[in-house]
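**Q** Sharing a structure with you now.
Just so it is clear, none of the values below were taken in a lab; they were calculated from the coordinates. This structure is a prediction, so every number in the text was calculated from the model and none was measured. Every residue, glycine among them, receives a Cβ derived from its backbone with ideal geometry; neighbour counts consider all protein chains shown.
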Amino acid sequence: MTNDINRKLTEEQKAEVQRQLALLTRGTAEIVPADGLREKLEQSIASGRPLKVKLGLDPSAPDIHIGHTVVLQKLRQFQSCGHHVQLIIGDFTGRIGDPTGKSETRKPLSEEDVQRNARTYQEQIFKVLDPERTTLYYNSEWLSPLQFNDILSLAAKLTVARMMERDDFTKRYRSGQPISIHEFFYPLMQGYDSVALETDIELGGTDQTFNVLMGRHLQKEYGKQQQIAMTMPIIEGLDGVQKMSKSLGNYIGIDEEAGEMFGKSMSIPDELMPKYFTLATDFSDDELKAVLSGLEDGSLHPMEAKQLLARTLVRQYHGPEAADAAQARFREVFQERVLPEQIDEAVLPASELVNGTIRLVRLLTVLGLAGSGSEARRSVQQGAVRLGGERLDDPSAELTVADGDVLQVGRRRIMRIRLEQS
């Protein structure tokens, strides 16, 4: 079939297939089946029909960070090729909660939580996606009307053995952790979304592979043309180890203030820069190749590359003027060691001092420069904390501080300490 279509394409159309294929496969982790995307593109270009590319989002948290944008950037590339995005807000599936990667049953979201988080998603997502090439759906539209006999028919299309192939379910079963029956319905419902919308391609992170493949399985069971499953790599956070997550404090939020975003981006480990450039920026192929080759052969200094990355991320979500200002402030404060004229102040209560000293971790939390003791320790261990310009590397250090001392955490937070007057 695909050979027949390919033969009917003009040379110009064949070149367009190749151009789109090169762009859309860039940075992907897996495409199932391997030659499926080419076939879909050939069909699309031959017929003039844009492909329908799906992403499902459960509104379990209100804020989007750079980790989420890895998939969104790929969707934007599809849009730049003329295709259409099916963006599904999982208001129905969100009431179950995606069990992917979880060691216990997730608490269902309330209707109020779902609607509030969905509104925030919509405000942030179109910082990346083209609204003119995006259709927003709520999966309650087709899941809520299902009758019990429809649910039984859906459940009959998958075996328990197949469901237990999911790594998280297997681990929980072997460790004696409970698995509620309703959790088995989550991948079935996500897969049914693709049946209802006749999706051509579904995207997700590598942790969503099972759920994305479920769409292919159910489309076949319902006599539909099967979608292509595309997964994108999971991007590590600022700690360079764990998946970017707000709960771990290693994230860069796309709604964060421009200076905060720039400063956080400068904390990205050097070894992760190629991955961030590839997955999180809107660089063209030529721009990306130039940066990656420069990093590899040493012609591009890591500090210059990191500033380019930071500026690019700020530019994407706040605009070029904000990016210029954030970079200028960074250079002024951190490269030229010039403190800004206006520095926030915080009072250190006298009750926190023991014999005139305070432990470093406690100082950071009391002044609000760390949300918890563990976050404070991580900042110190990463070499991000300075007092009076001197780096502090011992989380358990007992410090004597003076009124007016300046405490810095990373390249973005600066606080002048004021001692409480007795």
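**Q** Antiparallel DSSP bridges in segment 2-232: what percent, to the nearest 5?
**A** So the antiparallel bridges amount to about 15 percent of the total.
**Q** Calculate how steeply helix 320-330 sits against the longest principal axis of the alpha-carbon atoms of the chain, using the helix alpha-carbon long axis, and give the answer as 0 to 90 degrees to the nearest 10.
**A** Helix 320-330 sits at roughly 30 degrees to that axis.
**Q** Based on alpha-carbon positions alone, could you give the equivalent ellipsoid semi-axes of segment 202-305 from the gyration tensor, as √(5λ), descending, whole Å?
**A** Each semi-axis is √(5λ); the values are 33, 19, 12 Å.
**Q** Same structure, new question: Regarding segment 2-232, what are the three Cα extents along the principal axes, ordered largest first, in Å?
**A** On the principal axes, segment 2-232 reaches 58, 38, 34 Å in Cα extent.
**Q** Can you list the aspartates and glutamates whose alpha carbon is less than 18 Å from that of K264, not counting same-chain residues fewer than 8 positions off?
**A** List returned: D63, E236, D239, D255, E256, E304, D324, E332, E375.
**Q** Could you point to the residue in L129, Q177, I228 farthest towards the positive end of segment 109-237's charge dipole, with +1 and -1 charges on the Cβ of Lys/Arg and Asp/Glu respectively?
**A** Q177
**Q** Further question: With the contact rule set at Cα under 8 Å and sequence spacing of 6 or more, what percent relative contact order holds for the chain?
**A** 14 percent
**Q** When the Cα atoms of the chain are enclosed in a convex hull and the volume is divided per residue, what value in Å³ results?
**A** Output value, Cα hull per residue: 180 Å³.
**Q** Then there's this: Given the rule -39500 (n - 2.57) for each run of at least 4 DSSP H residues, summed and divided by the residues of the chain, what is its mean residue ellipticity at 222 nm, to the nearest 500 deg cm²/dmol?
**A** -13500 deg cm²/dmol
**Q** For a test of the definition: using alpha carbon positions, the gyration tensor, and the 1.5 limit on a/c, classify segment 1-43 as rounded, prolate or oblate.
**A** Since a/c reaches 1.5 but b/c is at least a/b, the shape of segment 1-43 is classed as oblate.
**Q** So what's the gap between the Cα centers of segment 373-422 and segment 107-171, to the nearest angstrom?
**A** If we compute the Cα centre of each part, the gap is 44 Å.
**Q** Right, another one. Of the cross-linked pairs K171/K220; K243/K289; K40/K171; K14/K275; K74/K306, which ones have a Cα-Cα span greater than 32 Å in the structure shown?
**A** Checking Cα-Cα distances, K40/K171 exceed 32 Å.
**Q** Still on this model: Expressed as a rounded percentage, what relative contact order does segment 258-335 have, with Cα pairs under 8 Å and six or more residues apart?
**A** 45 percent
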